[in-house]
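Working notes, structure below.
The values are calculated or read from the model by the stated rules, or taken from the named source; none is laboratory data. In this text, all values refer to a predicted model and were calculated from it rather than measured experimentally. Note: ideal-geometry Cβ built from the backbone for every residue, glycine included; neighbour counts use all protein chains shown. These accessible areas exclude ligands, DNA and RNA; they are computed on the full protein's heavy atoms, side chains included. Shrake-Rupley method; radii C 1.70, N 1.55, O 1.52, S 1.80 Å.
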Amino acid sequence: MSYKKGEFLYEGKAKTIYSVLSDENFVWLEFKNSLTAFNAQKKGEFEGKGKINLEITNHIFKYLQSNDIKTHWVQEMSESEVVCQKLSIIPLEVVVRNITAGSLAKKFNLKEGVQLKKPLVEFFYKKDELGDPFISDEQALVLGFVESQKTLDDLKSRALKINELLIQFFDKCEISLVDFKLEFGFDLKNNILLADEITPDSCRLWNKKTGEKMDKDRFRQDLGLVKESYEEILLKIQQNWSL
Ligand code: TMP
Ligand code: ASP
């Protein structure tokens, strides 16, 4: 298929979204070099970040697709651009955690790095102005952000299945999957598809041997070597998984 980039639609923190000329079913995403944290209170960028994150997502989404997980990913158009199916995005960020870290550790004053007795799925309401607050199933239902408990249960089971697959994926790269965030949306036929990206921006990834943080926490916590860590993740993926 040949797609043509259409008009500018929306500028996100890490991606810019365009329409696809004369095709309403698709969107054109451009992965940017920018990096933000704490709801964009902290801003940075590095050369090549868009390319690295696109390539990491490309590998992971193709791996998930080969394991029967439906995603919005359609076709790479350049090193930092991809055409995806246009979805009606569900306004929930679905977070899965295997090991204590981040907001969970902070909220309950837990030591970082403790394996949870089973994976924990949490929903956050996707609203930058509010800082993406935690949202309960009841709140999501009563406030009408999702239609039914069935949809919430469906999101949880998809997220847990993706977690199992991603643990195996990163295990081969000698990386621990601490936690990550997913987004989903409905296509025109009302099927739920995995959307957005899976990158070191949206996951916590620790080197299995050294325990070193390799993801966006390096930027959030001023640990340095941000670009080098993202490059190392991509290299490990390329060495262990062929497309
Ligand atoms: P948290 O511990 O800050 O709640 O984050 C959980 C996971 O979700 C972590 O892997 C980072 C990812 N995440 C995002 O992708 N976007 C966000 O806006 C936030 C807050 C977290
Ligand atoms: N995704 C949010 C931001 O880009 C929060 C974070 O990742 O810390 O600002």
Could you sort 52-60, 201-209 so that the peptide with the highest average Cβ count within 10 Å comes first and the rest follow in order? 52-60, 201-209
What is the sum of charges, Lys and Arg at +1 and Asp and Glu at -1, for the other residues whose Cβ falls under 10 Å from the Cβ of residue 207? +1
How high is the relative contact order of the range 116-243, in percent, with contacts defined as C-alpha pairs under 8 Å that are six or more residues apart? 14 percent
List every residue whose amide H lies under 5 Å from the amide H of residue 175, counting only residues 5 or more places away in sequence or on a different chain, with H placed 1.01 Å from N in the peptide plane. 208
I need the peptides 62-69, 111-118 ranked by packing, meaning the mean over residues of other C-beta atoms within 10 angstrom, with the highest value on top. 62-69, 111-118
Which entries in 13/227; 118/150; 70/126; 117/172; 70/208 show an alpha-carbon gap greater than 26 Å? 70/208
Using θ = phi - 60° and the Karplus curve 6.51 cos²θ - 1.76 cosθ + 1.60, what whole-Hz ³J(HN,Hα) does each residue of the range 81-98 get, with Gly and Pro shown as x? 10, 8, 9, 10, 5, 7, 10, 8, 6, 6, x, 10, 8, 9, 9, 10, 10, 10
Mind jotting down the distance between the C-alpha centroids of the range 217-243 and the range 21-35, whole Å? 24 Å
The chain shape via C-alpha gyration tensor axes, a/c threshold 1.5: rounded
Only Cα pairs under 8 Å and at least 6 apart count here; give the relative contact order of the chain as a rounded whole percent. 18 percent
Based solely on its DSSP helices, what 222 nm [θ] is calculated for the chain when runs of n ≥ 4 H residues each add -39,500 (n - 2.57) and the sum is averaged over all residues, nearest 500 deg cm²/dmol? -9000 deg cm²/dmol
Counting only protein heavy atoms and using a 1.4 Å probe, what share of the accessible area of the chain belongs to carbon plus sulfur, as a whole percent? 50 percent
Consider all pairwise Cα distances in the range 1-79 and report the whole-number % of them above 19 Å. 47 percent
